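The values are calculated or read from the model by the stated rules, or taken from the named source; none is laboratory data. Keep in mind it's a predicted model, so treat the numbers as computed, not measured. Here the Cβ positions follow ideal geometry from the backbone for every residue, glycine too, while neighbour counts run over all protein chains shown.
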Amino acid sequence: MAVLFVWSTACSTPPGGPGGVEVLGTVPHDRGAFTQGLELVDGVLYEGTGLEGQSSLRRVDPETGEVERRVDLPEPLFGEGITVVDDRIWQLTWRDGVAIERDRDTLEEVRRVTYEGEGWGLCRDGDRLVMSDGSDELVFRDPRTFAETGAVAVRRDGRPVEHLNELECVGGQVWANVWQTDEVVRIDPSDGRVTAAVDLSVLRPADVPRSDVLNGIAAVPGTDEFLVTGKNWPTIFRVRFGV
């Protein structure tokens, strides 16, 4: 399904060469959203947010940034990454050891499954899910049962890449925010090798604290573009990476 975006282009900037970013436009973003997951499917932008007592799953209009529907997580659950699987949405929690399966239309909870360790990012790569836990490892899971089916260690020039956070699967590759940096990396999930890195520091709003990190990346289907934002940022950026 093609998505027609009506974006402000006032912040448009050149790509800046390999590893840079081209800003194509912007829409407003709720500054109360501690963004943990972002995914664009069939013209609908889904956003998961975190923090105890503030975590939610939202359906957002990608043309205006308006939150059309919101379902809050009960305390003390701390929401993390999300991904769409057909008519369902999986939502991770941070240290609660619970993944919540939700109805994609209503966003209401359908069931919960448990897992070991922390939950950070999540995306769907064909017939499997890819999950991060803040380490240098990506874990593969069954999209129906959420059972672990494998894992891969992520390496850049032979060295571990830790703090892998929000994920986006597109074109057989995995894009990952690297926590507490302004960088996203592209990972080949077949061997864990980092094949590209993009510096998004130019996007950081001047009035947000360093603790409100870049986090949230959603591919725009049918294009080479992405939507990106950060925790409590006032803006969602539509961008093209210089890779």
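Data for the structure
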item	result
Strands (runs of 3 or more DSSP E) lying entirely in segment 59-176 (those with 3 or more residues that are closer than 24 Å to SER190 by Cβ)	79-85, 122-125, 128-132, 137-141, 148-153, 164-170
Whichever residue in segment 183-235 is basic (Lys, Arg) and over 17 Å from the mean Cα position of the chain (by Cα) and, among such residues, is surrounded by the most Cβ atoms within 10 Å (Cβ to Cβ)	ARG193
Unique residue being in contact with a Phe, Trp or Tyr (Cβ under 8 Å, 6 or more places away or on another chain), over 20 Å from LEU164 (Cβ atoms) and modelled with pLDDT of 95 or more when the list is LEU24, LEU77, LEU107, LEU73	LEU24
Residues of segment 52-109 that turn out to be touching a strand residue (DSSP E or B) at 6+ places or on another chain (Cβ under 6 Å), closer than 20 Å to SER135 by Cβ and charged (D, E, K, R), as a count	1
Complete set of residues in segment 132-148 that are among the charged types (D, E, K, R) and under 20 Å from VAL110 (Cβ atoms)	ARG141, ASP142, ARG144
Conditions (1) in contact with a Leu (Cβ under 9 Å, 6 or more places away or on another chain); (2) touching a residue at least 40 places away in the same chain (Cβ under 8 Å); (3) in a strand (DSSP E or B); (4) within 19 Å of ASP125 (Cβ to Cβ): number failed by PRO221	(3)
